[in-house]
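S.K.: Got a structure for you, written out below as structure tokens; questions coming shortly.
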Amino acid sequence: MRIKFLLFISLLITSTLISTHAQTFKKVPKQYSLEIGPRNLFSHRNITLNNSLGFGGLFDYAWQLSGFDGKKNKSFISVPMGYTVLPGNDASTERISMLNYGWTVRHELSRNKKITPFVGYGLFLNDLKIKGTEGSVFGHQTEFDFGLNFNTRTRLKYFVKLQYSYTSYPQFNEPQRIKLHYADLRLGVRF
């Protein structure tokens, strides 16, 4: 009888504590982003290419990490997935396409302003395909970006950003890696 009474009291205290703490839990704000824009391949090593201009797009799913109370700037961590096409500068050049996915971190540099600057950093896996070549090659991509969020009175935020990307791919039976450097201008919307 005494054990049942102690078990009942323990369950009552535990359920009271859980219900009290459940009221303090808050759902982490999420943010979706969709962006598109031109890409410029301005440098490459250990590969013969005649592709310099293309375009890309990306979808991003982000969780807010800080700035919940409005006293600190907001930061986000996200899972992006993007696709880029570099069609080639002439008819003899094969089209290049890249699928990339990974993690990004974005920090807003001010708060409660109509225009909010931000910086970002990303690490991606990147799958490179060249039309007419069987298979593809996986590499890593590092990305840095700087941009501006244009806040509205609705849930939508528009943004523009400049980004630099460095991508590296292995080569079979070769000691040197393929290295590509890009600059992108992206326009997008967050919701």
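The values are calculated or read from the model by the stated rules, or taken from the named source; none is laboratory data. Note that this is a predicted model, so its numbers are computed, not measured. All Cβ positions, glycine included, derive from the backbone under ideal geometry; neighbour counts span all protein chains shown.
S.K.: If you scan the stretch 140-164, which residues turn out to be within 18 Å of Lys30 (Cβ to Cβ), polar (S, T, N, Q) and touching a residue at least 12 places away in the same chain (Cβ under 8 Å)?
M.R.: Once the filter is applied, which keeps residues that are within 18 Å of Lys30 (Cβ to Cβ), polar (S, T, N, Q) and touching a residue at least 12 places away in the same chain (Cβ under 8 Å), the stretch 140-164 yields Asn149, Asn151.
S.K.: Here is a follow-up. Please report, ordered by residue number, the strands (runs of 3 or more DSSP E) entirely within the stretch 60-149 with at least 3 residues that are loosely packed, with under 14 Cβ neighbours inside 10 Å and at pLDDT 95 or above.
M.R.: So the answer is 115-130.
S.K.: What pairs come up if the first residue lies in the stretch 73-97 and is under 15 Å from Leu128 (Cα atoms) and acidic (Asp, Glu), the second is modelled with pLDDT under 95 and buried (at least 17 other Cβ atoms within 10 Å of the Cβ), and their beta carbons are under 9 Å apart, counting only those six or more places apart or on different chains?
M.R.: Between residues of the stretch 73-97 that are under 15 Å from Leu128 (Cα atoms) and acidic (Asp, Glu) and residues that are modelled with pLDDT under 95 and buried (at least 17 other Cβ atoms within 10 Å of the Cβ), the close pairs are Glu94/Asn51; Glu94/Gly88; Glu94/Ile130.
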